[in-house]
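The values are calculated or read from the model by the stated rules, or taken from the named source; none is laboratory data. Since the model is a prediction, treat every value here as computed from it, not as a measurement. Virtual Cβ from ideal backbone geometry, glycine too; neighbours counted across all protein chains shown.
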Amino acid sequence: MGKAKVKRTSTSIDMTAMCDVSFLLLTFFVLTATARTPETLVVDTAPSYSQAKLPDGNLSVITVGDEGKVFYSMSDPNVRAETLKSMSSRYNISFTAEEYEKFALTEDFGVPIKNLKQLLALESGQRTVELQKGVPVDSTMDASNELFHWVKEARIASARILKDRALVDNKDPDDIELMTVAIKADGDAKFPSLNLIIETLRNQKQNKFSFVTGLKAE
Amino acid sequence: MAELNQDSGGGKKGGKVRSKKNGGKVDLTAMVDLAFLLITFFMLTTSLNKPQAMDVAMPDKNVETDKNTDVNVDEHRSVTLVLGSDDKIVWYNGSIASPIYPPAVIDYSKDGIRAVLQRMKAEVPKKTGGKDIIVVIRPSEQAVTRNIIDALDEMKIADIKRYMISNRIMPEEVALLEKEGIYND
């Protein structure tokens, strides 16, 4: 006769904790997400099946447009400032402290160094691709091949900064990761313009580099 | 699950409005839904944002003399891919003067370059007594970056250990491309 009474409980669950956690995660992701900086020279990279990813920091990218226009970018603002310092003494062009500050905030550039002052005077929104005719590149190792020296000085600056940082942290200063050099070439860029970049890197014994590619779907 | 916290409309007898006590609970289902949707969005965009990288190693170059560092290898082992225009390749085995397999035009499809590489990869060790294949990728001036990336991709797919990009294209090879009509601007 004992009829078991099924206790009816409400099906609604307390979602407060779940909501808390999800918003915490949301906040975390929003804050850690690095805003994608718009590139001045937009290129359409060739797709590949490669699974490797480009590193986040300690990276410099040489962008080659489909007409052979070359842009250079360094990921670290400190490296940018140090590189400009070395470049200014090499090319005998002095920059003001304000210009150094502006250059440290410049994502990428594509002008000969003698026109860099004019570029830095512009607001970042005005530095269009039409105004920048590309970093001069040729097959030599002379001053006329500005990209050669930009890459070289950036590599030296990056190594120096990392070494100093390792010394401060009491780590082995010889155990540093060298800067990654990547080539981001337009899929339709002809081989001669790409070859100039490869030779520029090989001339400074940077025999290892990465091609930036898109993702190819099977 | 989702229930609406409706007020059961007062106005009972006596005109006394009785507010229903529900412990101040708000339905959070929609809010949680939205939060997770945003989390998913941010998670996916941050990791997918990173571009792919393809590592390339070039042979060391003697800068001082700029000497030709190409070494002569057993011609049975070397397969040369000359990249022409219009997404076409001319390949041959051995030397250009006396090729073992005469130059033939292929494309970047599965039946083109991949089939050739796989066949040669199996064939070369048999002919040379266990030595593996060496592929020389030689882009012509009319090749585009996409072609080089595709060719490097095929090396990975075919699992070819020894390959190199050579920029020393020979005049005979250019003539070959011109003859096949794949040296167009």
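I want to confirm something. Restricting to the stretch A:55-96 and keeping residues that are of a type in the set (D, E, K, R), within 16 Å of the chain's Cα centre (by Cα) and surrounded by fewer than 21 Cβ atoms within 10 Å (Cβ to Cβ), which single residue is nearest to A:GLN118 (Cα to Cα)?
Ranking the qualifying residues of the stretch A:55-96, first place goes to A:ASP76.
From the list A:PHE95, A:PHE103, pick out the single residue that is aromatic (Phe, Trp, Tyr), in contact with a Leu (Cβ under 6 Å, 6 or more places away or on another chain) and closer than 25 Å to A:VAL181 by Cβ.
None of the other options fit; the residue is A:PHE103.
For the stretch A:139-147, check the following and say yes or no: at least one residue is of a type in the set (A, V, I, L, M, F, W, C), surrounded by 13 or more Cβ atoms within 10 Å (Cβ to Cβ) and modelled with pLDDT of 85 or more.
Within the stretch A:139-147, one or more residues are of a type in the set (A, V, I, L, M, F, W, C), surrounded by 13 or more Cβ atoms within 10 Å (Cβ to Cβ) and modelled with pLDDT of 85 or more.
Restricting attention to the stretch A:93-104, does a residue exist that is under 27 Å from B:VAL144 (Cβ atoms) and away from chain B (no Cβ under 14 Å)? First the steps, then the outcome.
Taking the stretch A:93-104 and keeping what is under 27 Å from B:VAL144 (Cβ atoms), we get none.
Among the residues of the stretch A:93-104, not one is under 27 Å from B:VAL144 (Cβ atoms) and away from chain B (no Cβ under 14 Å), which makes the answer no.
Of the residues A:LEU105, A:LEU122, which single one is among the aliphatic types (A, V, I, L, M), in contact (Cβ under 8 Å) with a residue 24 or more places away in the chain and loosely packed, with under 14 Cβ neighbours inside 10 Å?
A:LEU105
Given (1) over 24 Å from A:ALA189 (Cα atoms); (2) free of Cβ contacts under 8 Å to residues at least 24 places away in the same chain; (3) more than 12 Å from chain B (Cβ to nearest Cβ), identify the lone condition not met by A:GLU82.
All conditions pass for A:GLU82, except number (2).
Among B:LYS121, B:LYS126, B:LYS156, B:LYS131, which is the only one that is without any contact (Cβ under 8 Å) to a residue 60 or more places away in the chain, within 14 Å of another protein chain (Cβ to nearest Cβ), among the basic types (Lys, Arg) and not in a strand (DSSP E or B)? Let's see the steps before the verdict.
Values: B:LYS121 fails: within 14 Å of another protein chain (Cβ to nearest Cβ); B:LYS126 fails: within 14 Å of another protein chain (Cβ to nearest Cβ); B:LYS131 fails: within 14 Å of another protein chain (Cβ to nearest Cβ).
None of the others qualify; the one that does is B:LYS156.
For the stretch A:196-214, which positions are more than 7 Å from chain B (Cβ to nearest Cβ) and in a helix (DSSP H, G or I)?
A:LEU196, A:ILE197, A:GLU199, A:THR200, A:LEU201
When you check A:VAL43 against the structure, is it among the β-branched types (Val, Ile, Thr), within 14 Å of chain B (Cβ to nearest Cβ) and either buried (at least 17 other Cβ atoms within 10 Å of the Cβ) or within 29 Å of A:LYS216 (Cα to Cα) (or both), yes or no? Please lay out each step first, then the result.
On the way: among the β-branched types (Val, Ile, Thr): yes; within 14 Å of chain B (Cβ to nearest Cβ): yes; either buried (at least 17 other Cβ atoms within 10 Å of the Cβ) or within 29 Å of A:LYS216 (Cα to Cα) (or both): yes.
Yes, satisfied.
Just the residues that are in contact with a helix residue (DSSP H, G or I) (Cβ under 6 Å, 6 or more places away or on another chain) and free of Cβ contacts under 8 Å to residues at least 40 places away in the same chain, please, taken from the stretch A:42-79.
If the condition is that a residue be in contact with a helix residue (DSSP H, G or I) (Cβ under 6 Å, 6 or more places away or on another chain) and free of Cβ contacts under 8 Å to residues at least 40 places away in the same chain, then A:PRO77 is the only one that fits.
Can B:ILE165 be described as facing another protein chain (nearest Cβ under 8 Å), in contact (Cβ under 8 Å) with a residue 60 or more places away in the chain and in contact with a Ser or Thr (Cβ under 6 Å, 6 or more places away or on another chain)?
no
Could you check, for the stretch A:173-195, whether at least one of its residues is in contact with an Asp or Glu (Cβ under 7 Å, 6 or more places away or on another chain) and either in a helix (DSSP H, G or I) or away from chain B (no Cβ under 14 Å) (or both)?
yes
Of all residues in the stretch A:171-189, how many are buried (at least 22 other Cβ atoms within 10 Å of the Cβ) and more than 18 Å from B:ASP55 (Cβ to Cβ)?
Matching residues across the stretch A:171-189 total 2.
Return yes or no: is B:ASN72 away from chain A (no Cβ under 14 Å), at pLDDT 60 or above and within 42 Å of the chain's Cα centre (by Cα)?
yes
Taking the stretch B:159-178 on its own, how many of its residues are part of a helix (DSSP H, G or I) and touching a Lys or Arg at 6+ places or on another chain (Cβ under 9 Å)?
2
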